[in-house]
Amino acid sequence: MRRQKWFVTLAASLAAAVAALGTCAGAKELPYDTYTYDYRENVMLTPAAYVPNGRITGQTAGTTDFKEPQDLCVAPDGLVYVADTGNNRIVVLDEDMSQTVRIIDSFERDGEQDSFNAPYGVCVSENEQLYVADSNNKRVVVLTPEGEFVKIIDNPQSEVLEDDFDFVPLKVTVDYADRVYVIARNAFEGILVFENTGDFTGYFGTIDVKITLWEKFWRRLASKEERSKQQLYIPTEFTGIDIDSDGFVYASNLDSDGLQGIRRLNPRGEDVIQKGENQNLGGDLWGSVYGTYSGPSEFTDVVYRGKGIYSLLDRKRGRIFTYDKEGNLLYVFGGLGSQEGTFNTPVAIETVEDQIIVLDAYHGAVLKFAATEYGSLIDKAVGLRYDGDEKQAIGAWEQVLKLNENNELANSGIGKAYLTAGDNAQAMKYLKLGMNRKYYSIAWQRYRNELLTQSIGPVMTVVVAVIAVFVLLAQVRKRKGRGKRKEGLL
Amino acid sequence: MIKELFSLDKWKYAFYTVSHPMDAYYEIRHRGRGSVPVAIVLVILFSLSFSVNRMSASFVVNDVDPLDVNALTELIAVLLLYLLMCVSNWSITCLMEGEGRLKDIAIAIGYALIPMIVCFNIATLFSQFVSLEEAAFYWIIMALGIAYGLIMMLMGIMVVHNYTLAKTLVTVFLTFIAMFIIIFVVLLFVDLINQVYSFFYSIYQELMYRA
């Protein structure tokens with residue numbers, strides 16, 4: 001009888017579990033997981049932050065199919081420019097990318113018709129000028145958004161360049177002062193910068209080569225001939241580039257160590273990016289050891305999304321990593337595959353309002369991702385904190401916690417709010433959940449002082465009373481002793 | 001043997017070893033003042049204090065994932081390591097004119113853990129009150145315990161075998177090598193036994209299928 005009852009309970013709980021699984025699968029139906037890494041660097045699955053929201057090809061936009069497009073750019077007026085590399089043209093789409101506004105495949109220059117040859121990168125400046133990295137023509141073409149010729153930047157001359165330097169521009173971006181930043185093929189020294197006049201001013205953001213002691217040791221042992229056959233130690237390449245409203249350049253790069261795949265360069269070309277708790281800005285911390293999808297993430301493009309938030313596109317596993325200004329990993333989503341919402345060869349990432357758009361070169365398609373409640377709440381909370389409005393951020397963090405109670409950033413944010421509000425006990429609880437040791441220590445210090453000041457009265461009373469009793473006892477004993485001595489004397 | 005565990009004299013002597021290691025280790029070797037059961041209990045206590053420290057030292061100073069702490073596996077590991085250390089030290093010192101018996105080595109190492117036991121527990125308790133600014137004191141307590149323990153261990157081995165300091169250091173180094181050799185042989189042995197077992201098991205399976 002008892003065993004039967006137990007069996008029924010088991011069956012019921014199993015049924016409940018199966019039902020729960022069923023609903024989970026029903027709610028999910030996404031071709032990828034959304035996750036982040038927690039304090040202990042474990043993968044922490046979270047609710048979806050961004051979900052697929054449509055796919056645009058050349059045909060859906062009312063033109064012919066894109067052929068190996070390589071770059072995307074969203075203009076200040078909201079139009080989307082696609083560098084349709086294989087078709088030697090720039091396609092301009094409207095705000096929601098449903099229609100083609102115009103196609104730029106040629107322009108009139110000095111009275112002659114000129115055209116592109118494999119335009120690889122595209123960018124629209126704040127001053128509404130279209131910059132096209134015309135790779136095989138070895139030049140950057142500057143046009144008006146309508147396609148009227150403005151100027152050409154080519155053939156950079158400088159002592160720092162090698163004599164046989166072949167200028168093949170791949171990605172281009174422009175800052176508020178119309179300085180042009182170009183990533184060129186085989187330009188390992190950094191990003192090429194041109195003044196608005198078109199003069200080459202120098203390299204920018206050079207990545208130092210790291211040679212380990214061990215490698216130095218082996219090089220010392222090798223003979224000259226052997227050394228010449230060894231691999232050259234060259235800096236890693238930049239792959240993608242974006243610029244924020246302050247004129248700081250975000251540039252993604254390949255890092256074989258998986259430690260830092262993004263740099264934020266100040267106007268002097270120094271890296272000023274902030275790293276988070278674990279000092280890692282390299283994407284995935286874990287991965288398979290063998291196979292095609294092993295190794296660190298390979299960032300191919302970056303988009304600055306405002307309020308210090310930026311997203312990186314990993315071409316190795318097709319994932320999109322989003323970090324905040326302090327270098328905290330907010331969420332990771334996306335994947336390779338053939339289902340809707342996955343990529344084959346992701347090459348460029350951009351943002352349109354609150355959507356993320358990714359260009360897939362193989363399929364010639366632009367994939368749109370829309371923020372879910374979870375994703376937009378995180379973006380909102382991080383944005384509010386960026387603005388210094390911690391109080392407002394608490395509301396958003398609390399809602400984030402309702403969707404994912406393990407979110408460390410949310411716990412930590414709420415803990416900090418309690419700390420400023422003076423509720424130290426609550427602050428300690430949340431800061432511990434958020435694994436924020438520094439602030440936990442501050443909260444604990446204040447809590448400790450609180451306890452001390454509260455209990456100092458009773459504790460001191462007891463101490464004083466105990467001392468008084470001892471003194472009294474001692475005196476009594478003294479008198480008794482005196483009495484005894486007297487007795488003894490007698 | 002077990003009686004020794006409840007002998008106040010033996011326990012007192014263990015603590016006397018902490019304050020007067022040179023004299024006490026000499027008496028342990030030559031006058032039988034030490035006790036192996038007490039040493040083993042001390043090793044167990046050390047393992048427990050180690051686990052408790054990892055588990056419940058305050059969040060301010062503790063970076064260990066509580067899910068990673070398993071007092072039982074840690075106890076087994078510590079006991080095995082203790083056994084390994086004793087045996088390998090014994091096997092080395094036997095060849096190097098050491099006067100200590102296995103018993104003396106076991107007692108020397110076991111008693112040397114007392115400062116660590118005391119300091120670990122004090123540190124765990126103390127950590128409940130510290131903030132990050134005072135965390136240095138916590139680390140000092142821990143380091144003191146470990147340093148004193150190691151010094152006691154060295155002294156113990158030195159006195160028990162009647163060695164000079166230089167010779168002790170050499171034997172300690174050799175002891176580590178011996179430990180690696182023992183581990184290697186044990187692993188080899190386990191692997192061979194496994195192969196023999198699987199050989200007979202496959203014969204058994206074959207017979208069962210054919211019968």
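None of the figures in this text is laboratory data; all of them are computed from the coordinates on show. Owing to the predicted nature of the structure, the values given are computational and were not obtained by experimental measurement. A quick note on method: Cβ atoms are made from the backbone with ideal geometry, for glycine too, and the neighbour counts reach across all protein chains shown.
Counting other Cβ atoms within 10 Å, keep those with at most 14, restrict to DSSP loop, and tell me which chymotrypsin sites (Phe, Trp or Tyr not before Pro) in region B:1-49 are left.
On the way: sites: B:Phe6, B:Trp11, B:Tyr13, B:Phe15, B:Tyr16, B:Tyr25, B:Tyr26, B:Phe46; in loops: B:Phe6.
Those that pass, being in a loop and sparsely packed, are B:Phe6.
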Problem set entry | Within the protein assembly as shown: Cβ-based charge dipole about Cα centre, in debye rounded to nearest 20 (Lys, Arg +1; Asp, Glu -1) | 6820 debye
Problem set entry | Whole-angstrom gap from region A:107-126 to region A:173-217, using each part's C-alpha centre | 23 Å
Exercise. Measuring from the lowest to the highest alpha carbon on each principal axis, how far does chain A reach, largest first, in angstroms?
Worked result: 136, 71, 50
For this session: Could you tell me the distance between the Cα centroids of region B:19-72 and region A:461-483, to the nearest Å?
Result: 42 Å
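Across peptide A:438-446, how many C-beta atoms of other chains are within 10 Å of each residue C-beta, on average?
Working: counts 2, 1, 5, 10, 3, 1, 8, 6, 1.
Per-residue shielding by partner chains comes out at 4.
Would you tell me the mean number of C-beta atoms belonging to other protein chains that fall within 10 Å of each C-beta in A:324-335, as a whole number? Walk me through the numbers on the way to the answer.
Numbers: counts 0, 0, 0, 0, 0, 0, 0, 0, 0, 0, 0, 0.
That works out to 0 on average.
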Seminar exercise, completed: The distance between the Cα centres of region B:84-147 and region A:326-361, in whole Å, is 54 Å
For this session: Under 18 Å Cα to Cα from B:Lys12, which aspartates and glutamates show up? Leave out anything in the same chain fewer than 8 places away.
Result: B:Glu4, B:Asp23, B:Glu27, B:Asp104
Exercise. In what order do A:Glu108, A:Glu373 fall by count of nearby beta-carbon atoms within 10 Å, going from fewest to most?
Worked result: A:Glu108, A:Glu373
Seminar exercise, completed: Rounded to the nearest 10, the angle in degrees between the Cα long axis of helix A:437-489 and the longest principal axis of the Cα atoms of chain A comes to 20 degrees
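With +1 assigned to the C-beta of every Lys and Arg and -1 to the C-beta of every Asp and Glu, and no other charges, what is the dipole magnitude of region A:367-415 about the Cα centre in debye, to the nearest 20? Each step should come with its number before you reach the end.
Values: 5 positive and 8 negative charges, 28 e Å.
Once rounded to the nearest 20, the dipole reads 140 debye.
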Exercise. To the nearest 10 degrees, how steeply does helix A:390-403 sit against the main Cα axis of chain A, on a 0 to 90 scale?
Worked result: 90 degrees
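Taking other Cβ within 10 Å of each residue's Cβ, how do B:Val170, A:Val168 sort, fewest first? Before the final figure, lay out the partial values.
Working: B:Val170 14, A:Val168 20.
Result, fewest neighbours first: B:Val170, A:Val168.
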Seminar exercise, completed: At q = 0.19 Å⁻¹, the log10 of I(q)/I(0) for region A:222-340 from a Debye sum over equal Cα scatterers comes to -0.99
Exercise. Over 28 Å between Cα atoms, which of A:Lys402/A:Lys429; A:Lys316/A:Lys429; A:Lys391/A:Lys438; A:Lys380/A:Lys429 qualify?
Worked result: A:Lys316/A:Lys429
Exercise. What order do you get for A:Ile320, B:Ile182 when you list them from fewest to most C-beta neighbours inside 10 Å?
Worked result: B:Ile182, A:Ile320
